[in-house]
Amino acid sequence: MTLRRTLLATAALAACALIAGPAAAQSAPKLKVGLMLPYTGTYAALGNAIENGFRLYVSEQGGKLGGREVEFFKVDDESDPAKATDNVNKLVKRDQVDVLVGTVHSGVAMAMAKVAKETNTLLVVPNAGADAVTGPLCGPNIVRSSFSNWQPGYAMGEVVAKKGHKKVVTITWKYAAGDESVKGFKEAFEKSGGQVVKDLSLPFPNVEFQALLTEIAATKPDAVFTFFAGAGAVKFVKDYAAAGLKKNIPLYGSGFLTDGTLEAQGADADGILTALHYGDSLNTPRDNAFRLAYAKTYKLQPDVYAVQGYDAGQILGTGLAAVKGDVSKKAEFAAAVQKAKIDSPRGPFTISKAGNPVQDFYLRQVSGKENKVIGVASKALADPARGCKAS
Ligand code: BEZ
């Protein structure tokens, strides 16, 4: 937010209080929330699930956060980093939103974080794991409800090493999410004596996997680690099985490989092990209540993206309650969020000084249409927040 807009918003809140006296809370200006998410392309389903989760939380709060009625503004970012700065400016400059909520794609999120920093706008990231968002770009106005790319990769590196595999090939999309997931995996796997013998990649959102699958077959590793998500993950899992690799070379991934995708992947996903901060069989009262409310509202089963959207609402609500809806109080907002325990369907978690969740990573195995939780891969895993001055 520019200084002028900050002053205007603060003056508007103060004027309401002066004029209306005890009725001030009722006449507080609406909270303008800018949703910047993918509604088309490979990650469209992820964007929709995040919006559903966020709206569910807001509606459970009677349509208000921090005492202010929520008004939504939306932009389809198409998961296209080249359009990201223009898209985020539509929300910040044209619509003058108080808060940005977005997005899914790490490259797009980095552009959002840069604009949020320059304009001092509050930003809640409900998926994109770009390490830089809670690394060098961290700040009191930026918080994430999801994960850093390093986290599930690192958790899975420990699991694959414990399974006794020695030589692994990695395969992913060539952009921050893929590169950083693989980096996290390597850090844990190689620390335990494993070796990544080949890194394979293709540009996002390309799904022509055939040549790379042939290379995996020729390399004959003990196992494969991968990051793919959304529609690309569906095609990868199906192609891996169709190439005859599934029988001989176990496939591991960060959990996005099989989350929100199992209907489409069918039996080709059966048995795949992944690590993620959510699963389908937690069976806790908190998760059961969330799943029931989500299913009733949307006639759909929730996935990790829906949970992250819901928790973006919870984090925003927690911070805004502490500052009574005054979005100009960034330091107080951040302090409140970092003191809180977020009562998430995934299980309770805290937020680090860098603004990233400190949370358990579950080991999940696909069984039928579920990512069944079969253990905890990493307990209370915190991102190292490299480059964040606040941590
Ligand atoms: C990312 O780009 O950060 C991302 C996209 C989909 C799932 C997980 C991470």
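For the range 264-271, the condition holds for at least one residue, the condition being that it is more than 16 Å from the ligand (Cβ to nearest atom), in a loop (DSSP other than H, G, I, E, B) and more than 19 Å from residue 45 (Cβ to Cβ).
For beta carbons closer than 8 Å, sequence separation of 6+ or different chains, a first residue in the range 188-209 that is on the phi > 0 side of the Ramachandran plot and a second that is buried (at least 17 other Cβ atoms within 10 Å of the Cβ) and not charged (D, E, K, R), the qualifying pairs are 193/161.
For every residue, the table says whether it meets (1) within 29 Å of residue 237 (Cβ to Cβ); (2) modelled with pLDDT under 95; (3) of a type outside the set (A, V, I, L, M, F, W, C); (4) within 15 Å of the ligand (Cβ to nearest atom).
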{"position": "95", "(1), (2), (3), (4)": "no, no, yes, no"}
{"position": "120", "(1), (2), (3), (4)": "no, no, yes, no"}
{"position": "128", "(1), (2), (3), (4)": "yes, no, no, yes"}
{"position": "166", "(1), (2), (3), (4)": "yes, no, yes, no"}
{"position": "175", "(1), (2), (3), (4)": "yes, no, yes, yes"}
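When 223, 218, 231 are checked against the criterion of being away from the ligand (no atom under 13 Å from the Cβ), open to solvent by 50 Å² or more (accessible area, probe 1.4 Å) and hydrophobic (A, V, I, L, M, F, W, C), 218 stands alone in meeting it. Any residue that is open to solvent by less than 40 Å² (accessible area, probe 1.4 Å) and assigned to a strand (DSSP E or B) - is there at least one of those in the range 74-91? Yes, because at least one residue in the range 74-91 is open to solvent by less than 40 Å² (accessible area, probe 1.4 Å) and assigned to a strand (DSSP E or B). Taking the range 170-192 only, how many residues are closer than 15 Å to residue 257 by Cβ and either aliphatic (A, V, I, L, M) or open to solvent by 10 Å² or more (accessible area, probe 1.4 Å) (or both)? Qualifying residue count for the region: 3.
Quick grid of which residues meet (1) farther than 22 Å from residue 151 by Cα; (2) touching a Ser or Thr at 6+ places or on another chain (Cβ under 9 Å); (3) of a type in the set (A, V, I, L, M); (4) not in a loop (DSSP other than H, G, I, E, B):
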residue	(1), (2), (3), (4)
169	no, yes, yes, yes
179	no, yes, no, yes
193	no, no, no, no
196	no, yes, yes, yes
213	yes, no, yes, yes
216	yes, no, yes, yes
245	yes, no, yes, no
274	no, yes, no, yes
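Taking (1) touching a Lys or Arg at 6+ places or on another chain (Cβ under 6 Å); (2) outside any loop (DSSP other than H, G, I, E, B) in turn, residue 140 satisfies each apart from (2).
The values are calculated or read from the model by the stated rules, or taken from the named source; none is laboratory data. Because the structure is predicted, anything quoted here is derived from the model rather than measured. As a convention, Cβ positions derive from the backbone with ideal geometry for all residues, glycine included, and neighbour counts pool all protein chains shown. Areas reflect the complete protein model, heavy atoms only, side chains present, ligands, DNA and RNA absent. Shrake-Rupley method; radii C 1.70, N 1.55, O 1.52, S 1.80 Å.
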